[in-house]
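We did not get these values from a lab; they are worked out from the coordinates using the rules stated. Note that this is a predicted model, so its numbers are computed, not measured. Cβ placement follows ideal geometry from the backbone for every residue including glycine, while neighbour counts extend to all protein chains displayed.
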Protein chains: 4
Amino acid sequence: MPSAVGITLEQAQAAVTAAHKKAVAIETLMNIAVVDAGANLVAFAHMDGAWLGSIDISQKKARTARYFDMPTGAIGGLSQPGGPLFNIEHSNGGLITFPGGVPITDASGEVIGAIGVSGSTVENDHAVAEAGAAAVK
Amino acid sequence: MPSAVGITLEQAQAAVTAAHKKAVAIETLMNIAVVDAGANLVAFAHMDGAWLGSIDISQKKARTARYFDMPTGAIGGLSQPGGPLFNIEHSNGGLITFPGGVPITDASGEVIGAIGVSGSTVENDHAVAEAGAAAVK
Amino acid sequence: MPSAVGITLEQAQAAVTAAHKKAVAIETLMNIAVVDAGANLVAFAHMDGAWLGSIDISQKKARTARYFDMPTGAIGGLSQPGGPLFNIEHSNGGLITFPGGVPITDASGEVIGAIGVSGSTVENDHAVAEAGAAAVK
Amino acid sequence: MPSAVGITLEQAQAAVTAAHKKAVAIETLMNIAVVDAGANLVAFAHMDGAWLGSIDISQKKARTARYFDMPTGAIGGLSQPGGPLFNIEHSNGGLITFPGGVPITDASGEVIGAIGVSGSTVENDHAVAEAGAAAVK
């Protein structure tokens, strides 16, 4: 029997679909990535014309959010010059620590994965990521 | 104005859906990746319980198929010891040259992207990739 | 049938030639790189005696400009400590976010590639990149 | 005064132009890279529609030829299973050891750089590389 690592493909695709819908609603072009509890890619979508450089960033945001089980922006607040986690971005093959990545939890509150979004302002990226995460029950 | 690079998200998702359906039909667990004409990731799906190591392999197969506009297995036939392309796999950050990656063409025959599938035997991987590519009109 | 990905070699070489001419005119030694719409290298020139370290930087500037369809310096303004995109440079295998990279558009305004220049001050790098991009009709 | 490292840009561009002309003559689509005596990229051209995966391979062939001052195919004969240099391709960030890379020498016979060509059969790649190298006096 195959072993699951948190989020299912069905849940991940629901998150991508909800994030995509939100991106359209706020008139942005996004890259949307969902990883499982092992920080492995489960689902991804690049909207037509979205920034090519954000393909990688969205995946790094999703992994960063799961690596530390917190929104990526929370880490960015600690990684500034003089901060306690200065330049943590050098680890794990490259982290992205500005907003746009959030953990995904199940009904019991356990982290089962994370979603990362990139393609607009960090405020928009975060809003779209939240919309995606909220679609997972 | 956003610029497109070959395949659209709608086409890429149609390829993923068709490949997924084929994978279920032949009772396999697959990772399915679609890249655009610039070899950038457009859509991805990891079936529950599919090999984690195949997440990367499926993407490398898709890129390899687009890099050379041919099925990945055709390259593998030439990269064997004593063959003309021995160890070509060391280029481009790592190629995968066994079957499972195929170019995706539009109605005019132009290559607009590629699909890479990994998770079972190379015969099954190739069959699922073909099913995905065939879904793009 | 070969598929094009934006800019042609003829256009890219015209951009390199114009940039080279500008570099000579302002008495600088430059590295000049042009990528296509998929961020793949199309043409490159290293002027005799130009900084060796700028060979890579010019290519990263070109890719960065295409990845986000804006001049590289615009990103650098946002990636400073405390800025919204702090340390974005860790993505995509390394970005360069100071001036010297600009998108290349066709007559319709669509982005078909980008040029990156490195070898002098960032003001000079940007001026030479602009001269190169302007040569593409 | 800037320091030269072997081949000049003028010589490198002459090699690229001659190789390009040869590629057209034999009806192939090539990627052509020239490196200096320090194995740094000096000039590059990607012909429209040439394999995207060969952008990297042509550069690796050029560097490999200069790293060891011999045609790349000569190294490939030694890197086979059981051979004295088995899997040497793992060094230097990836070597390419099949034909298509050749050193470039000046009138005195000193190696001043190398050219790497990729996009067709290894025989064609090598023929185009030879045509490019022969254009440097």
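Quick look at the values:
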| read-out | value |
| --- | --- |
| Copies compared at C:Gly82 - label distances in nm, ascending, label defined 7 Å from Cα in the Cβ direction | 0.8, 6.8, 6.8 |
| Label geometry 7 Å along the beta-carbon vector: C:Ala25 inter-copy distances in nm | 3.6, 5.1, 6.1 |
| Per-pair calculated FRET efficiency, R0 = 45 Å: A:Ala107 and D:Glu123 via Cβ, rounded to 0.05 | 0.10 |
| Nearest-first distances (nm) between copies at A:Gly38, label 7 Å from Cα via Cβ | 3.1, 3.2, 4.5 |
| Whole-angstrom gap from segment C:91-135 to segment B:1-76, using each part's C-alpha centre | 31 |
| HN-Hα J in Hz across segment A:70-85 - Karplus 6.51, -1.76, 1.60, θ = phi - 60°, x for Gly and Pro | 8, x, 4, x, 5, 6, x, x, 9, 9, 6, x, x, x, x, 10 |
| Largest-first principal axis extents of the Cα set of segment A:9-134 (Å) | 39, 34, 21 |
| Dipole in debye (nearest 20) - segment A:9-134, about Cα centre, beta carbon charges: Lys, Arg +1; Asp, Glu -1 | 140 |
| Reference-scaled alpha-carbon Rg (2.2 N^0.38 Å with N residues) for the protein assembly as shown | 0.96 |
| Value of [θ]222 nm, deg cm²/dmol, for chain C, DSSP H segments ≥ 4, -39500 (n - 2.57) each, nearest 500 | -11500 deg cm²/dmol |
| Inter-site label distance for A:Ala74 and A:Lys137 at 7 Å from Cα along Cβ, in nm | 2.6 |
| Rel. contact order, % - alpha carbon contacts under 8 angstrom, at least six apart, segment C:44-137 | 30 |
| Nearest-to-axis residue of chain A, judged by beta-carbon position, where the axis maps A onto D, in Å | A:Leu52, 7 |
| Residues C:Trp51, A:Trp51 arranged by fewest to most Cβ contacts within 10 Å | C:Trp51, A:Trp51 |
| Candidate aspartates and glutamates - alpha carbon under 13 Å from A:Lys137, same-chain residues fewer than 8 apart omitted | A:Glu10, A:Asp106, A:Glu110 |
| Max mean-square fluctuation residue, GNM over chain A, Cα-Cα springs under 10 Å, options A:Ser58, A:Ser120, A:Ser79 | A:Ser79 |
| Listed residue pairs exceeding 23 Å between alpha carbons, taken from B:Lys22/B:Lys61; A:Lys21/B:Lys60; D:Lys22/D:Lys61; A:Lys60/D:Lys60 | A:Lys21/B:Lys60; A:Lys60/D:Lys60 |
